[in-house]
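Data block below; observations after.
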Amino acid sequence: MTTETLSVPDISCDHCQRTIESALGRLPGVRAATVDVAARTVQLTYDQTTVDPATIRHTLAEEGYEVAG
């Protein structure tokens, strides 16, 4: 399991939180996705043998959120 915190500057509200947590939660291998609206971050716990960071970033981009850095 890998735990990672992503900076997502476009997070601004509870709707963003629900959208991101739902989208990432549907990915195979993602065990937890928690959005901190105030910090504009997403903390992820995932199985790196099932899902890779590129897929996670692509999923966020499809929902309209870019990862900083």
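Any read-out appearing in this document is the output of simple, stated calculations on the displayed coordinates, not a laboratory observation. What you are looking at is a predicted structure, and each value in this text was computed from that prediction instead of being measured. Ideal geometry is used to build each Cβ from the backbone, glycine not excepted, and the neighbour counts take in all protein chains shown.
Quick look at the numbers
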read-out	value
Residues located in the range 38-62, provided they are surrounded by fewer than 14 Cβ atoms within 10 Å (Cβ to Cβ) and either within 19 Å of His15 (Cβ to Cβ) or touching an Asp or Glu at 6+ places or on another chain (Cβ under 6 Å) (or both)	Ala38, Ala39, Ala61, Glu62
Selection from the range 2-41 of residues that are touching a residue at least 40 places away in the same chain (Cβ under 8 Å), outside any loop (DSSP other than H, G, I, E, B), closer than 16 Å to Thr59 by Cα and not acidic (Asp, Glu)	Leu6, Ser7, Cys16, Thr19, Ile20, Ala23
Ala68, sole failed condition from (1) surrounded by 12 or more Cβ atoms within 10 Å (Cβ to Cβ); (2) hydrophobic (A, V, I, L, M, F, W, C); (3) part of a loop (DSSP other than H, G, I, E, B)	(1)
